[in-house]
1. What length, rounded to one decimal in nm, is gained on full extension from residue 40 through to residue 82, with 0.36 nm per residue of separation minus their alpha-carbon distance?
2. Which stretch or stretches of the range 54-82 have amide N atoms under 19 Å from the point lying 7 Å from residue 98's Cα along the Cα→Cβ direction?
3. Label the range 122-166 by shape, choosing from rounded, prolate and oblate, from the square roots a ≥ b ≥ c of the eigenvalues of the Cα gyration tensor; if a/c is under 1.5 it is rounded, and otherwise prolate applies when a/b is larger than b/c, oblate when it is not.
């Protein structure tokens, strides 16, 4: 099922963000995080992520119901429908989509990248050894314990090592 939440093309569920949100570094001055900074944001991000996921899930259910109604109308060659009920469903769909969009936009505004909304996958840009890498966290994990390069992804994530912990302990470097 496709849910379109931005002005761009709809992305399939489970795709990059599932919401048409660009997930690649796109700002000249990208916000970067130390491990400690990223960890401290997890409670807020988890709440926003759950809100976006639930909004998307509910929107998909309403969209499915509207699609099924349209299918029944088509197959029967026309039928009476409760126009007010359909209008309420469409309004509910728009509201749910907007709620999900706003939550994803809030995460993006913090500087965190939504990689896959369905699995709750987030990346935090982090500067290590004069290179930007991505701290990687997925909804349900107790802490940020992995990272990967900008060019690789979830399947190539590696455990956080001492370089990340030293940077956090020393207060990090300027962003």
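1. 10.2 nm
2. 54-63
3. oblate
Values quoted throughout were computed directly from the atomic coordinates according to the rules given, and no laboratory measurement underlies them. Note that the structure is a prediction, hence the values are computed from the model and not measured. No Cβ is skipped: glycine too gets one built from the backbone with ideal geometry, and neighbour counts run over all protein chains shown.
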